[in-house]
Structures are given as C-alpha cells and as structure tokens.
1. Need a quick list: helices (runs of 4 or more DSSP H) entirely within region 100-172 having at least 1 residues that are of a type in the set (S, T, Y), over 20 Å from the mean Cα position of the chain (by Cα) and in the same structural domain as N232 (by TED's automatic domain parsing).
2. Please indicate, with yes or no, whether at least one residue in region 235-250 is in the same structural domain as S185 (by TED's automatic domain parsing), over 21 Å from T345 (Cα atoms), modelled with pLDDT of 95 or more and acidic (D, E).
3. Please verify whether L30 is closer than 17 Å to D184 by Cβ, within 27 Å of the chain's Cα centre (by Cα) and in contact (Cβ under 8 Å) with a residue 12 or more places away in the chain, treating the condition exactly as stated.
4. Say we look at region 217-250 and pick out the residues that are without any contact (Cβ under 8 Å) to a residue 40 or more places away in the chain and part of a strand (DSSP E or B); which of these is surrounded by the fewest Cβ atoms within 10 Å (Cβ to Cβ)?
5. Listed residues T50, T133, T79, T121; which is among the hydroxyl-bearing types (S, T, Y) and closer than 30 Å to A199 by Cα?
6. What are the residues in region 264-276 that are without any contact (Cβ under 8 Å) to a residue 40 or more places away in the chain, within 29 Å of the chain's Cα centre (by Cα) and within 19 Å of V230 (Cβ to Cβ), if any?
7. Can you tell me which residues in region 189-211 are surrounded by fewer than 21 Cβ atoms within 10 Å (Cβ to Cβ) and more than 30 Å from S120 (Cα to Cα)?
Amino acid sequence: MTSAAGGGLFDRWRSSGREVAVVGLGKSGLSATLLLRARGIPVYASDSGTGPHFDAWAGSLREAGADVDLGGHSLERITRSAAVVVAPGVPPDVPPLEAARRAGIAIHAEVDVGFVALRSTRCIGITGTNGKTTTTSLIAHVLVSAGLVAETAGNIGRPLCEVARADNQPDWLALELSSFQLHDSPNLRPVIGVLTNLAPNHLDRYSTLGEYYGDKSLLFRNADASSFWVTNADDPEVEKMTRAIAGSRVRFSINGRADAWYDRAGGQLMLADAAVLHRTELPLLGDHNVANALAAVLVARRAGCSIDGMGQGLRSFRAIPHRVEPVREVEGVLWINDSKSTNITSTEVAIAALDRHFVLLLGGRHKGEPYSRLAEPLRNRCRAVVAYGEAGPLIVRDLSTSLK
C-alpha cells in the first residue's frame, strides 16, 4: 500500500526540473525507468555493461524518452540529478553511488520506487538471512490456495516496478527484501512484515556483522501502532532486534509453544491450539521448512485465510528450485540441489535436513566466513567433501584436518 510520505515523491521529482538517474539496467532498472517515464519524469539511465542485452534494454528505454549510457556512467550528470534509483545487483561502493552520496543526492532502491507507485496492493515484506525465497513463495501460494489474489515480487526475481506498472495489480503481494534493498527503501511500509532468521552473511560486502543486521532492521523503520510483524521465536538475534518494535508481533517456533508452532510429539503444525496439517503432509525437507511454513500460516491468518485453506496450500506446495530440492534418485543415490545455500548457516540447515549419509559438493564464491564451523555437523554422516571454485582452497584448509 502506498505510504503517505511517498505519495508526493513523483510530484517532487517532476517539479524539480531535474532528471532522476537510474543506475544499473537489467529487469529492475528497465522497469524503474519505464515507470518513471510513464509519470513524466525525465530519466538518465546508465550501466557499465555492454552487449546485445544491454543494447536491447537501451533501445526500449530510448523509445520511452529516457537518455541512456552504456559502458559507463556520467558522474557529473548523476550529481546534478533529483535522485538516484539503484537496481538491486549494483554494489553499494561503485563510483556513481559514491558520487551521489558525496553530492547529497538521495538514493532509492528500485523496490522503494515500486512501492510508492502501487495503488492499493497490500505488501507483505519478507526478509532474513535464510528462507526468504521459500517463505515468500509459500505465503503467496497459501494465499492463492485460500482464494485470495496474490503474487510475488522483489528479490525473488520480479521487479516491484513491473508490478506497479501493470493494469491489474494483485490484492496481496509477497515481497522478498534483501538487506541491500532495505538500505535504500525509506518509503517502504509493509502491512505485514516477516523476519525469518538472522545469521552472518554478505561479509564480503559489509565491514561488520552489525552493519548487515542494521540493514535488516530497516524493515521496521516505519513501524507504528498499526504494524503487524511475524518473527522467529527460536532465533536470539531476531528476538533481540524485534523485542521493542512498534505494532503487534506474533511468533513462530519449532522448539516450543508459540503463536504458530510445531508439535513435534504429535507431528502437527499448529496455529495456537488448532492443527493445520501433519508434518508428513508438508512436502518439504527439513525443520527449517517447517519454520518457513509456520511463518506463512501466521501471515495467512492475518490475511483472513481459514485453517482449511492454509492446509490445502501447504500440502500442494513444491520445493523451490535450488533450495534443498530433491532432483532425482538413481541407484539408491538421492541428488539434492541446494545451490542457493550461499552461507555457512544455510549449509548447516541443509545438512540437518538430510536423513542419510551423503557426499557434499561445496564451493563457489567465498563470502567471508570460515568453513570450520561445518566440521562437527559433517563428521558423522558426510562421506566426502568435494571442494571447488573460488572457495575451494579455503574449504580444504578449514576442513581437511577435521574430516578424515
């Protein structure tokens, strides 16, 4: 739902007589530029990339009346802009954003601009270190299964500006939010906010863990008495962050009784005293997905869904690709794709979800955490670790003495 503070944002930009600079193209930059041009705001869009895809994007934007540079940015032009809109894949320390900060130019994430442009859609903002995409997808699926008109957008892949440009906007929108998006979204005010968990991550882009958690906490920057929050009762850092926020808060737990909780002895996912469904009916591996489902239950209850509707949605949901996704079993070997596990905590969670011995393929980009924390969870059931990519030598260094 559009915030009162953001309602006049486009008017201010339009009346300033200056361009809005969009930094970074791709789907998000393209959607943001087209949205701004449709509202009569002059736009200078730029990207350091070149090639056929960039040429096609630039052509579409020029047809809409935007001025576009590829292969670089005019810093002088950016520092004269009314504001900067940044696509989610742009690192925060690139020269155009640093130049904008030095010049005192306000920087807005694409998702912030999209939120301001929504007409009456109610946004459910979902963030956390792990489980964001699955929880976002679960929420939208459960709402649709219960008869509501709901979609997903944000960090999950669809730009919010694209939703805002559509003629038919959904009644409900499950909006996945990264820490980078939250950093530059001063107008964001979800009607329901979800914090799944907190753990070290992105330490290749944040100088301290406190900075990373600080950006996550910006989900609550516009909290007031009407706000409604869904949080993880099992996570001490979440509890610490959310204890004093304004508004109403409900909690989920897989370890004890809460507003939504897992009755492990009875095998039931519970909403207070009511059983939603049996664990065997939830077609997802791992306790972490039970937690994700419980978060979705609390959102669905706030949106007015029945328990039967929630259960139907949870039963019919299927694993998201690349997230503890069973791919195929061949000659007794089950292949599981968890390639979206990009930090140590999410890898620990995936390991805990497995009920048999396994070989772990581990590698990719190093994000600042030591791998030695995996030694203990791997010790009894992991038959081998295949290390690869940029992180390969570090994985070997951290685990070779512990795993024999």
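The values are calculated or read from the model by the stated rules, or taken from the named source; none is laboratory data. None of these values were measured; they are calculated from a predicted model. Here the Cβ is made from the backbone with ideal geometry for all residues, glycine too, and neighbour counts use every protein chain on show.
1. 132-145
2. No - not one qualifying residue is present in region 235-250.
3. No; evaluated as a whole, the condition is false for this residue.
4. Of everything passing the filter in region 217-250, S248 is surrounded by the fewest Cβ atoms within 10 Å (Cβ to Cβ).
5. Exactly one of T50, T133, T79, T121 is among the hydroxyl-bearing types (S, T, Y) and closer than 30 Å to A199 by Cα, namely T133.
6. Residues satisfying the conditions are M270, L271, A272, V276.
7. Hits for region 189-211 are A199, P200, H202, L203, D204, R205, Y206, S207, T208, L209, G210, E211.
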